[in-house]
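Scroll down for the structure; my scribbles are underneath it.
The values are calculated or read from the model by the stated rules, or taken from the named source; none is laboratory data. Predicted, not measured: the structure shown is a model, and the values here were computed from it. Virtual Cβ from ideal backbone geometry, glycine too; neighbours counted across all protein chains shown. We work out accessible area using only protein heavy atoms, side chains counted, and drop any ligands, DNA or RNA first. Shrake-Rupley method; radii C 1.70, N 1.55, O 1.52, S 1.80 Å.
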Amino acid sequence: MALRAAVLRHIRVPVQTLGLKSNPRAPSGSIRLMSSHDDHLSKEEVADRVLSVVKSFPKVDPSRVTPEVHFQKDLGLDSLDSVEIVMALEEEFKLEIPDKEADKIDSCNLAIEYIHNHPLAS
Amino acid sequence: MSVVAAGYLARRTAQKERVRILYRRALKDTLNWAVHRHLFYEDADLLRARFETNKHVEDLDTIDRMIADGEAQYNKWRHPDPYIVPWAPGGSKFTRNPTPPEGIEILYNYGREDND
């Protein structure tokens with residue numbers, strides 16, 4: 001027993017760390033995270049889809065919609081319209097935005113930024 | 001005088017935010033109650049019309065009373081089983097198969113090397 005303890009004090013088993021340094025989101029080889037959300041959206045795609053949602057809103061003139069447009073100042077909408085647009089965006093990207101945060105989204109720019117940074121947008 | 005004006009503006013801003021959030025929740029609840037999408041569009045128009053009828057009310061106390069009344073109606077008619085996005089708290093996919101912690105790897109071919 002004493003011998004075992006003495007041996008164990010001097011021998012160290014080299015610990016091998018797993019070579020999992022790559023991005024776990026990217027499906028590589030045999031590793032597949034069953035619950036992971038790996039279809040991350042690029043910023044261009046987010047911008048395209050946000051703009052198409054805003055353009056298809058009935059009260060909006062599609063030719064005036066650009067990525068920098070402000071819902072109320074530039075598009076002539078009122079606050080309830082922008083609530084409706086944010087709800088349409090939530091449905092488009094399968095998101096659930098908390099009420100207080102959704103209330104702050106008042107322009108295309110902010111919407112694109114928020115959705116692009118949201119980990120579960122799809 | 002400016003204090004009064006500032007107080008008025010602050011109260012007005014708070015009321016506007018309350019109305020926006022009330023409208024947002026009510027609109028979502030309308031979608032929960034609607035069985036079909038085309039039914040939702042009509043109900044949403046009715047809801048919007050109810051908000052629009054009181055658009056030009058100026059008196060602050062009346063507005064407060066109307067908002068409280070609207071919130072009470074919303075709470076009364078709230079859907080018992082609303083739609084929740086699957087990954088959100090309360091959703092069907094919430095914390096299902098959480099991502100393993102950093103450094104943990106799952107070996108899907110475990111034991112296969114012995115049988116080859």
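Tabulated data
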{"quantity": "DSSP-assigned coil residues among GluC sites (Glu not before Pro) in segment B:10-98, each with at most 11 further Cβ atoms within 10 Å", "calculated": "B:E58"}
{"quantity": "Sum of -39500 (n - 2.57) over DSSP H runs of 4+, divided by residues of chain B (222 nm, nearest 500)", "calculated": "-20500 deg cm²/dmol"}
{"quantity": "Buried accessible area, chains A and B (both chains, 1.4 Å probe, Å² to nearest 100)", "calculated": "2600 Å²"}
{"quantity": "DSSP-loop chymotrypsin sites (Phe, Trp or Tyr not before Pro) across segment B:1-89, with at most 16 other Cβ within 10 angstrom", "calculated": "B:W77, B:Y83"}
{"quantity": "Charge sum, other residues only, whose C-beta stays under 14 Å from B:R11's C-beta, Lys/Arg counted +1 and Asp/Glu -1", "calculated": "-1"}
{"quantity": "Karplus 3J(HN,Hα) series, Hz, for segment A:108-113 with 6.51 cos²θ - 1.76 cosθ + 1.60 (x for Gly, Pro)", "calculated": "4, 4, 5, 4, 4, 4"}
{"quantity": "Amide hydrogen neighbours beyond the local backbone of A:S107, cut-off 5 Å, H modeled", "calculated": "A:F71"}
{"quantity": "Whole-number Å³ per residue for the convex hull built on Cα positions in segment A:52-117", "calculated": "78 Å³"}
{"quantity": "Rounded accessible area per residue of segment A:52-117, 1.4 Å, Å²", "calculated": "48 Å²"}
{"quantity": "Gain upon complete extension [B:D64, B:L47; 0.36 nm per residue less C-alpha separation]", "calculated": "4.3 nm"}
{"quantity": "Relative contact order [Cα under 8 Å, 6+ residues apart], segment A:52-117, whole percent", "calculated": "35 percent"}
{"quantity": "Shielded residues, segment A:41-84 - accessible-area loss of 10 Å² or more between chain alone and all protein chains, probe 1.4 Å", "calculated": "A:K59, A:D78, A:S79, A:L80, A:V83, A:E84"}
{"quantity": "Euclidean distance of C-alpha centroids, segment B:10-88 and segment A:47-100, integer Å", "calculated": "19 Å"}
{"quantity": "Total charge dipole magnitude, chain B, about the Cα centre, Cβ charges on Lys, Arg, Asp, Glu only, Debye to nearest 20", "calculated": "580 debye"}
{"quantity": "Magnitude of the charge dipole, segment A:52-117, Cβ model with Lys/Arg +1 and Asp/Glu -1, debye to 20", "calculated": "200 debye"}
{"quantity": "Computed E for A:E92/B:E105 - FRET, C-beta separation, R0 30 angstrom, nearest 0.05", "calculated": "0.25"}
{"quantity": "Separation in nanometres of the label points that stand 7 Å from Cα toward Cβ, at B:R37 and B:T95", "calculated": "3.4 nm"}
